[in-house]
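*Asks:* Encoded as structure tokens, here's the structure I'll be asking about.
The values are calculated or read from the model by the stated rules, or taken from the named source; none is laboratory data. Note that the structure is a prediction, hence the values are computed from the model and not measured. Neighbour counts are summed over all protein chains in view; Cβ atoms, including those assigned to glycine, are modelled from backbone coordinates with ideal geometry. Remember, those area values only see protein heavy atoms, side chains included, never the ligands or the DNA or RNA. Shrake-Rupley method; radii C 1.70, N 1.55, O 1.52, S 1.80 Å.
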Amino acid sequence: MSSDPSDAGPSWIDEIPDRLAALDAAHLTRRRREVRPAEGASLWVDGRRMLAFCSNDYLGLSQHEALRDAAIQGARDFGVGSGASPMVSGHSEANAALERELAEFVGLERALYFYAGYATNASIVPALVGPGDALFSDALNHACLIDGARLSKADIHRFEHADLAQLESLLQASPARRKLVISDAVFSMDGDVADIPALIALCERHDALLLLDDAHGFGVCGPQGRGSLAAVARTGAGASRRVIYMATLGKAAGVSGAFVAGPATLVEWLLQKTRSYTFATAAPALLAQSVRAALRVIRDEPARLARLHRNIADFRAGLPAAIAGTGWTLLPSATAVQALVIGANDEALRIMNALADAGLWVPAIRPPTVPEGTARLRIALSAAHEPEDIAALLRALADAAQRR
Ligand SMILES: *Cc1c(COP(=O)(O)O)cnc(C)c1O
């Protein structure tokens with residue numbers, strides 16, 4: 001009698017090379033590059049210097065002296081690792097101070113600091129809703145909100161991007177007692193901003209809670225970069241007891257990690273019930289110290305945010321002439337994320353490669369990250385870009401458009 005599993009025929013594991021080949025044939029293989037920072041917004045990429053338009057380091061803080069020094073001093077004061085979950089011994093004085101400062105910065109009652117944004121969303125959604133509850137999700141939401149929705153086992157109602165009329169009818173039709181609306185505040189692949197006051201008004205009318213992911217708005221939108229919710233504070237939106245604000249700290253803040261903020265009771269609930277908070281080692285204090293330095297820099301060096309917005313304005317002013325006659329579309333965006341929709345996967349890749357030959361790193365984003373037929377260049381602008389960097393990008397795009 002044989003128990004050799006190979007008797008059952010070929011294993012599914014042997015099909016993986018063919019599946020990899022199929023990805024490659026569909027131009028969907030992703031390759032990593034080995035990078036090291038160079039001056040300004042440039043990177044050494046596989047040994048070659050390139051001007052980068054691919055980093056979410058929107059304020060150029062990842063290379064800032066004050067953040068580096070805070071991390072180094074944090075390592076001296078606290079060591080490197082945190083040793084345990086925040087629920088055990090991992091909640092350092094630095095992490096506690098950061099939570100107070102984050103809450104103050106975004107104008108909300110209380111904040112909770114997480115080691116990563118992906119783990120935060122994937123885990124706070126199931127902490128808020130479960131089987132029998134209802135979730136309402138914008139079609140262009142980030143993958144980690146979608147994964148959190150699936151993990152929750154609540155009923156998921158997807159609405160077309162920014163279609164608040166459809167959202168309203170879905171809310172109306174739902175008999176669920178607990179309803180949660182989830183949305184990016186700034187959409188990560190398009191750069192547009194959700195209509196936050198309208199979302200909150202809908203949540204008020206239908207007794208729903210709103211989870212806003214401001215990964216791309218924190219540090220960029222609102223007065224002093226205090227985020228997309230602070231940007232609409234005049235409407236009274238920031239004070240709503242129905243909003244859970246979430247933002248990441250590895251983008252404009254230049255470090256790593258994430259936080260949620262909102263009414264103290266809701267944050268206490270998330271502290272009690274979020275599995276990626278309870279069952280994960282706390283973010284190291286040296287990173288918390290570095291984020292605290294980032295908050296000080298964001299407050300004390302407003303010229304950085306002004307430089308970012310000047311670069312956005314210069315890019316948008318120059319682009320139409322550069323790409324005239326191509327049929328490429330620049331999506332509306334007042335944020336650092338500028339999406340130039342090309343359409344076909346292979347054409348987007350061709351343009352990315354042409355820009356790379358000119359020394360510019362601009363990533364092509366393809367399905368399934370974006371909808372079929374909307375492959376695009378995702379141009380990430382930063383305060384680290386000089387005016388001549390924006391001019392170089394516009395020139396290279398104009399060249400690519402001519403040689404199309
Ligand atoms: C980057 C990103 C995340 C994930 O945050 P990490 O800290 O990188 O894990 C979550 N949501 C959005 C919209 C993002 O762009």
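*Asks:* Could you grab me the full set of residues in region 329-347 that are farther than 16 Å from Pro371 by Cα and either open to solvent by less than 20 Å² (accessible area, probe 1.4 Å) or among the acidic types (Asp, Glu) (or both)?
*Replies:* Listed by number, the residues that qualify are Ser333, Thr335, Ala336, Val337, Gln338.
*Asks:* I need the full set of residues from region 365-400 which are open to solvent by 20 Å² or more (accessible area, probe 1.4 Å) and of a type in the set (A, V, I, L, M, F, W, C), in order please. Let's see the steps before the verdict.
*Replies:* First pass over region 365-400, keeping only residues open to solvent by 20 Å² or more (accessible area, probe 1.4 Å): 365-366, 368-369, 371-374, 384, 386-389, 391-392, 394-395, 398-399.
The answer is Ile365, Ala384, Ala391, Ala392, Leu394, Ala398.
*Asks:* What's the number of the only condition in (1) away from the ligand (no atom under 11 Å from the Cβ); (2) without any contact (Cβ under 8 Å) to a residue 40 or more places away in the chain; (3) under 17 Å from the mean Cα position of the chain (by Cα) that Leu212 fails to meet?
*Replies:* Tallying (1) away from the ligand (no atom under 11 Å from the Cβ); (2) without any contact (Cβ under 8 Å) to a residue 40 or more places away in the chain; (3) under 17 Å from the mean Cα position of the chain (by Cα), Leu212 fails exactly one: (1).
*Asks:* Next up: Return the residues of region 372-404 that are part of a loop (DSSP other than H, G, I, E, B), in contact (Cβ under 8 Å) with a residue 12 or more places away in the chain and not basic (Lys, Arg); say none if nothing qualifies. Spell out how you get there, then give the answer.
*Replies:* Within region 372-404, the subset part of a loop (DSSP other than H, G, I, E, B) is 372-374, 381-386, 403-404.
After this cut, where a residue has to be in contact (Cβ under 8 Å) with a residue 12 or more places away in the chain as well, the list is 373-374, 381-386, 403-404.
Scanning region 372-404 gives Gly373, Thr374, Leu381, Ser382, Ala383, Ala384, His385, Glu386.
*Asks:* Could you list, in sequence order, the residues of region 138-149 that are among the hydrophobic types (A, V, I, L, M, F, W, C) and either in contact with a helix residue (DSSP H, G or I) (Cβ under 7 Å, 6 or more places away or on another chain) or within 13 Å of the ligand (Cβ to nearest atom) (or both)? Let's see the steps before the verdict.
*Replies:* So in region 138-149, the residues among the hydrophobic types (A, V, I, L, M, F, W, C) come out as 139-140, 143-146, 149.
Within region 138-149, Leu140, Ala143, Cys144, Leu145, Ile146, Ala149 meet the criteria.
*Asks:* Looking only at residues in region 352-363 that are outside any loop (DSSP other than H, G, I, E, B) and out of contact with any strand residue (DSSP E or B) (no Cβ under 6 Å at 6 or more places or on another chain), which one is most open to solvent (accessible area, probe 1.4 Å)?
*Replies:* Taking region 352-363 and keeping what is outside any loop (DSSP other than H, G, I, E, B), we get 352-357, 360-361.
Applying the additional criterion that residues be out of contact with any strand residue (DSSP E or B) (no Cβ under 6 Å at 6 or more places or on another chain) yields 353-357.
Numbers: Asn353: 77, Ala354: 29, Leu355: 2, Ala356: 21, Asp357: 127 Å².
Checking each candidate, the answer is Asp357.
*Asks:* So which residues in region 297-347 are of a type in the set (Asp, Glu) and either within 22 Å of Asp57 (Cα to Cα) or in the same structural domain as Leu249 (by TED's automatic domain parsing) (or both), if there are any at all?
*Replies:* To start, the set of residues in region 297-347 that are of a type in the set (Asp, Glu) comprises 300-301, 314, 346-347.
If the condition is that a residue be of a type in the set (Asp, Glu) and either within 22 Å of Asp57 (Cα to Cα) or in the same structural domain as Leu249 (by TED's automatic domain parsing) (or both), then Asp300, Glu301, Asp314 are the ones that fit.
*Asks:* So which pairs qualify, if the first residue must be in region 236-249 and part of a strand (DSSP E or B), the second must be open to solvent by 20 Å² or more (accessible area, probe 1.4 Å) and at pLDDT 85 or above, the Cβ gap must be under 7 Å, and the two must be at least 6 apart or on different chains?
*Replies:* Short answer, once both residue conditions are applied: Ile244/Leu209; Ile244/Leu266; Tyr245/Leu108.
*Asks:* Something else now. Which of the residues belonging to region 264-323 are open to solvent by less than 40 Å² (accessible area, probe 1.4 Å), among the hydroxyl-bearing types (Ser, Thr, Tyr) and in a helix (DSSP H, G or I)?
*Replies:* Taking region 264-323 and keeping what is open to solvent by less than 40 Å² (accessible area, probe 1.4 Å), we get 264, 266-267, 270-271, 274, 276-278, 280, 282-286, 288-291, 293-295, 297-298, 305, 308, 311-312, 315, 318-319, 322-323.
If we keep only those that are among the hydroxyl-bearing types (Ser, Thr, Tyr) as well, we get 274, 276-278, 290.
Those that are open to solvent by less than 40 Å² (accessible area, probe 1.4 Å), among the hydroxyl-bearing types (Ser, Thr, Tyr) and in a helix (DSSP H, G or I): Ser276, Tyr277, Thr278, Ser290.
*Asks:* Applying the selection to region 229-253, what residues are more than 12 Å from the ligand (Cβ to nearest atom) and in contact with a Phe, Trp or Tyr (Cβ under 9 Å, 6 or more places away or on another chain)? Break it down into steps so the answer makes sense when it comes.
*Replies:* Filtering region 229-253 down to residues more than 12 Å from the ligand (Cβ to nearest atom) leaves 229-245.
Passing the criteria: Leu229, Ala230, Gly238, Tyr245.
*Asks:* Yes or no: Gly60 over 24 Å from the mean Cα position of the chain (by Cα) and either within 13 Å of Gly257 (Cβ to Cβ) or among the small types (Gly, Ala, Ser) (or both)?
*Replies:* Numbers: over 24 Å from the mean Cα position of the chain (by Cα): no; either within 13 Å of Gly257 (Cβ to Cβ) or among the small types (Gly, Ala, Ser) (or both): yes.
Answer is no for this residue.
*Asks:* Of everything in region 230-259, what is open to solvent by less than 10 Å² (accessible area, probe 1.4 Å) and farther than 24 Å from Ser55 by Cβ? Give them in sequence order.
*Replies:* Within region 230-259, Ala237, Val243, Ile244 meet the criteria.
The rows are residues; the columns are (1) in contact with a Pro (Cβ under 7 Å, 6 or more places away or on another chain); (2) under 26 Å from Trp361 (Cβ atoms); (3) not hydroxyl-bearing (Ser, Thr, Tyr).
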position: Asp24; (1), (2), (3): no, yes, yes
position: Arg36; (1), (2), (3): no, yes, yes
position: Arg48; (1), (2), (3): no, yes, yes
position: Ser62; (1), (2), (3): no, yes, no
position: Arg68; (1), (2), (3): no, yes, yes
position: Gln73; (1), (2), (3): no, no, yes
position: Ala103; (1), (2), (3): no, no, yes
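*Asks:* While we're looking at this one, here's another question. With a cut-off of at least 2 residues that are open to solvent by 30 Å² or more (accessible area, probe 1.4 Å) and in the same structural domain as Ala252 (by TED's automatic domain parsing), name the strands (runs of 3 or more DSSP E) lying wholly within region 113-202. Before you say what the answer is, go through the steps one by one.
*Replies:* Working: elements: 134-138, 155-159, 179-184.
Per the criteria, 155-159.
*Asks:* From Ser183, Ser152, grab the single residue that is of a type in the set (Gly, Ala, Ser) and away from the ligand (no atom under 16 Å from the Cβ).
*Replies:* On inspection, the qualifying residue turns out to be Ser152.
*Asks:* So, in region 188-209, of the ones that are touching a residue at least 60 places away in the same chain (Cβ under 8 Å) and within 27 Å of Ala303 (Cα to Cα), which residue ends up nearest to the ligand (Cβ to nearest atom)?
*Replies:* So the first thing to find is which residues in region 188-209 are touching a residue at least 60 places away in the same chain (Cβ under 8 Å), and the list is 188-193, 208-209.
From the residues that got through so far, the ones that are within 27 Å of Ala303 (Cα to Cα) too are 188-193.
Numbers: Ser188: 4, Met189: 9, Asp190: 11, Gly191: 11, Asp192: 13, Val193: 12 Å.
By that ranking, first place goes to Ser188.
*Asks:* Right, next: Please tell me if Arg68 is of a type in the set (Lys, Arg), farther than 21 Å from Thr274 by Cβ, assigned to a helix (DSSP H, G or I) and touching a helix residue (DSSP H, G or I) at 6+ places or on another chain (Cβ under 8 Å).
*Replies:* Numbers: of a type in the set (Lys, Arg): yes; farther than 21 Å from Thr274 by Cβ: yes; assigned to a helix (DSSP H, G or I): yes; touching a helix residue (DSSP H, G or I) at 6+ places or on another chain (Cβ under 8 Å): yes.
Here the answer is yes, as Arg68 does meet what is asked.
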